[in-house]
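The values are calculated or read from the model by the stated rules, or taken from the named source; none is laboratory data. Quick caveat, the model's predicted, so the values are computed rather than measured. Cβ placement follows ideal geometry from the backbone for every residue including glycine, while neighbour counts extend to all protein chains displayed.
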Amino acid sequence: MKRLALIFALIATPLFAVNPDEVLQDSVLEARARALSQELRCVVCRGENIDESNADIARDLRLLVRERLVAGDSDAQVLDFVVERYGEYVLMTPKTDGANIILWALGPVLFLTALLGGVLYTRRRTAANTGNSAALNDEEQARLAAILKE
Amino acid sequence: MITELGHFALVLALGVALIQAVVPLIGAHKGWENWMALAVPTAILQFLLIAGAFAALTYAFVTSDFSLQLVTMNSHSLKPMLYKVTGVWGNHEGSMLLWVLIVALFGATAALFGANLPPSLKARVLAVQGAIGVAFLAFSLITSNPFLRLAQPPFDGQGLNPLLQDVGLAFHPPFLYLGFVGLSMTFSFAVAALIEGRVDAAWARWVRPWTLAAWIFLTIGIALGAWWAYYELGWGGFWFWDPVENASFMPWLFSAALLHSAIVVEKRESLKSWTVLLAILGFGFSLIGTFITRSGIVTSVHAFSSDPTRGVFILGILAVFVGGALMLYAVRGRAMEARGVFAMVSRESALLLNNILLAVSSIVVFIGTIWPLMAEMFFDRKLSVGAPFFEAAFTPFMVVLAIVLPIGAMLPWKRARLGRSAKPLMGAAVLALSVAALVWAMQSGKSALAPTGMALGAWLISGSIVDLWKRTGRGGVAGRFSRLFKLPRADWGKGLAHSGLGIVFIGISGLLAWQVEDIRVAKIGEPYVVAGYEVTLESVNRIPGPNYISTQAEMSVRRDGREIVRLYPEKRIYPVQAMPTTEAAIANGLWRDLYLVIGDPQDNGGWAVRTFIKPLANWIWAGCIIMALGGLVSLTDRRYRVAAGAARRKSVQKGVAAE
């Protein structure tokens, strides 16, 4: 009996992230709500956004987002509203201010540096062409002969 | 008793690995042949001992020996046999045992098939591999011993996480480990080469098969994980930029880079020191991945264990091996001067660009993964780095890579003329652009994602075909056709792998851009329409499974009045773990998947249902399979077999001096 009760309790656990009763009638608003949900992190989950998560708090946040949208907030205002209460931790896209510049700029800067390094390296390899590159010394000749014999 | 034997074998393996790590290294340094020769039997013995330990643990799981702590915590007598076996590595301790087993397997394989290696290089490679074995065996025995007994065994176990009771996920970790650990082999080769002070074409030829094998395994492992997420988690996502996913993706990118740079070393004797560095970093990122997964330092959906001592231990291993190798590299790296000469436009420079793109994109993934940690530690900011960051910061590199790839693949070695090499690709470029235009015109919402992805995919695939065709030389079509199938397997492998990548591009962009989602309350017998498909919830039934209870819906899907498929999405409850899971019902198709999920009963009657139309989802998995297949075909190329055969003959003639 106890086991049965447990099973029924579990069946009642929501499995879905977005449930039908949350969906707004206005499809434009709903689409904005879905997009915003993907930008907000479920604070008790591990790396899930509130659109994917089926935790209760994610549901509360989804409803809150929809409430703000219905009240006429812009997307940015909704995000600010949530960040004010939960901190920037809830933002899936990290801001571009302060130390986060390192995060955002590392890729492009590294790419340009590597590209420059690659070009310089290649120019050295090209320059080696005009010098005495082709000739092998004795030791190399011997090794080449050994390799060819295999 | 068998458990104790397994435990003993594992301890013994540690001792053997110690000998394997020390004696051949000294032998190679002093030139003592019999000391060097010890590497082979110890490598094989170490593997046999760990295999024995692994068999003992498997036996305990299969027979549900609940006197073992690990079995009690991760198994249950009612669990299906397949998951009893896969449960061996469905937990931290067991998966570590699998990890050391694979380290030893690779070492033993190198010992058995490495007859053509110069004795000193072989001794050093096996010694380094032995040292890696020592580190992880010690890790296993000290911090995560799988053979601990319980004083009072319970009647039954606590069961395996229901999410893990799945075929896709059961075989996902072994493939990943084969990939991660495969990179330990290239690492051993790199360190051995640094000690020897020589990197040449022959070295690259030995390293490439190992890299290729590791890359194939990683490709399959990652694809299995993505496929599992797609059908199991219930909303059809397949990649979340989760730290643990990133942990497997970074080594994949590095091994792809290494794969390409090793070609330059093999064929043109350039990029040597860069290739050695890549080999070190590739394994370094495998270890970082292990660290991220096991230390719990970065929160993730599927982090394994959250034990700080384990994290510190792995960090120690990372510091010793990668730090040591990098130090060695700093001292000896310069000795490997490049020999080959090449111009600014050449195959070499194209492969260099490929390496830059892959390595930098991998580091972008890395910084995104650890940034939350760094921001908190150094800047006192608690923040998240989610999928939008990776999509913005990582994807551009892949776009550039895809644009450059077909051209680079056709450039001749040494010196090329861009116009001349690109000319045969005109057709492919026109095709790609018309695909982009067509897709742009066809779709309703004007997003750039689908046209770009499709065009790049078409460009990659047609570029590969053009490349293969050009290789058949000149002459009549019939002659070229017959030559097409006589091309070296490496050429076919390259073509397949690059087309596979193109197919993945098409699949991902199609799925992300065009998927249709519908969430609603469906009443039994009342049809609803989603994107032209008429879906009806026919009935909902309770069905008992072997170790779960299922709520199964029967749903029919019609199109133009004709029933095309009947699907049975389920919701399962696993009473042992008190955990619900969704089992989406998917009708796979070439052009789209129909994806149905059943949710909870509603107060006013009816059930919550989610209906997805997922276009081109199967192209992603197909593309991954084709990529892996391309790697496999390339691995069987004649030049690896011929090189091995030639050396075997030689060693027979010489009569194997070491013995």
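Criterion first (touching a residue at least 12 places away in the same chain (Cβ under 8 Å), at the interface with another protein chain (Cβ under 9 Å from one of its Cβ atoms) and closer than 18 Å to A:Asn49 by Cα) does B:Ala387 satisfy it?
Criteria met by B:Ala387.
Scan the stretch A:90-127 for residues that are assigned to a loop (DSSP other than H, G, I, E, B) and within 8 Å of another protein chain (Cβ to nearest Cβ) and jot them down. Give the steps one after another, and end with the answer.
Initially, the stretch A:90-127 is screened for residues assigned to a loop (DSSP other than H, G, I, E, B), giving A:92-99.
Of everything in the stretch A:90-127, those that are assigned to a loop (DSSP other than H, G, I, E, B) and within 8 Å of another protein chain (Cβ to nearest Cβ) turn out to be A:Met92, A:Thr93, A:Pro94, A:Lys95, A:Gly98, A:Ala99.
Return yes or no: is B:Val360 more than 8 Å from chain A (Cβ to nearest Cβ) and of a type outside the set (Phe, Trp, Tyr)?
no
Looking at B:Asn604, B:Asn541, B:Asn588, B:Asn547, which is the one that is within 26 Å of B:Ile620 (Cα to Cα) and polar (S, T, N, Q)?
Values: B:Asn604 fails: within 26 Å of B:Ile620 (Cα to Cα); B:Asn541 fails: within 26 Å of B:Ile620 (Cα to Cα); B:Asn547 fails: within 26 Å of B:Ile620 (Cα to Cα).
Exactly one residue qualifies, and that residue is B:Asn588.
Please go through (1) under 32 Å from the mean Cα position of the chain (by Cα); (2) more than 9 Å from every other protein chain (Cβ to nearest Cβ); (3) modelled with pLDDT under 90; (4) crowded, with 19+ Cβ neighbours inside 10 Å for B:Trp607 and return the number of the only condition it doesn't satisfy.
(1)
Applying the selection to the stretch A:52-89, what residues are at the interface with another protein chain (Cβ under 7 Å from one of its Cβ atoms) and assigned to a helix (DSSP H, G or I)?
Matches in the stretch A:52-89: A:Glu88, A:Tyr89.
Among residues belonging to the stretch B:228-272 that are of a type in the set (Asp, Glu) and either modelled with pLDDT of 90 or more or in a loop (DSSP other than H, G, I, E, B) (or both), point out the one that is farthest from B:Ala190 (Cα to Cα). Before you say what the answer is, go through the steps one by one.
Here is the first cut: in the stretch B:228-272, the ones of a type in the set (Asp, Glu) are B:232, B:242, B:245, B:266, B:269.
So of that shortlist, the ones also either modelled with pLDDT of 90 or more or in a loop (DSSP other than H, G, I, E, B) (or both) come out as B:242, B:269.
Working: B:Asp242: 30, B:Glu269: 15 Å.
Within the stretch B:228-272, the match that is farthest from B:Ala190 (Cα to Cα) is B:Asp242.
Out of curiosity, is B:Glu376 assigned to a helix (DSSP H, G or I), over 21 Å from B:Trp252 (Cα atoms) and at the interface with chain A (Cβ under 8 Å from one of its Cβ atoms)?
no
Could you pull out the residue among B:Glu245, B:Glu269 that is in the same structural domain as B:Leu351 (by TED's automatic domain parsing), of a type in the set (Asp, Glu) and under 26 Å from B:Ile314 (Cα atoms)?
Matching residue, one of B:Glu245, B:Glu269: B:Glu245.
Name the single residue, out of those in the stretch B:535-551 being without any contact (Cβ under 8 Å) to a residue 40 or more places away in the chain and not β-branched (Val, Ile, Thr), that is farthest from B:Ser77 (Cα to Cα).
If we filter the stretch B:535-551 for residues that are without any contact (Cβ under 8 Å) to a residue 40 or more places away in the chain, which is where we start, we get B:536, B:538-539, B:541-545, B:549-550.
Next, only the ones that are not β-branched (Val, Ile, Thr) stay: B:538-539, B:541-542, B:544-545, B:550.
Details: B:Glu538: 35, B:Ser539: 33, B:Asn541: 27, B:Arg542: 23, B:Pro544: 17, B:Gly545: 14, B:Ser550: 20 Å.
Across the stretch B:535-551, the extreme among qualifying residues is B:Glu538.
Rundown of residues vs (1) outside the structural domain of B:Val466 (by TED's automatic domain parsing); (2) assigned to a loop (DSSP other than H, G, I, E, B); (3) within 30 Å of B:Trp239 (Cα to Cα); (4) touching a strand residue (DSSP E or B) at 6+ places or on another chain (Cβ under 9 Å), yes/no style:
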{"residue": "B:Leu401", "(1), (2), (3), (4)": "no, no, yes, no"}
{"residue": "B:Arg415", "(1), (2), (3), (4)": "no, yes, no, no"}
{"residue": "B:Arg420", "(1), (2), (3), (4)": "no, no, no, no"}
{"residue": "B:Leu431", "(1), (2), (3), (4)": "no, no, yes, no"}
{"residue": "B:Val435", "(1), (2), (3), (4)": "no, no, yes, no"}
{"residue": "B:Leu438", "(1), (2), (3), (4)": "no, no, yes, no"}
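Going by what's in this entry, would B:Val400 be described as within 31 Å of the chain's Cα centre (by Cα) and at the interface with chain A (Cβ under 7 Å from one of its Cβ atoms)?
no
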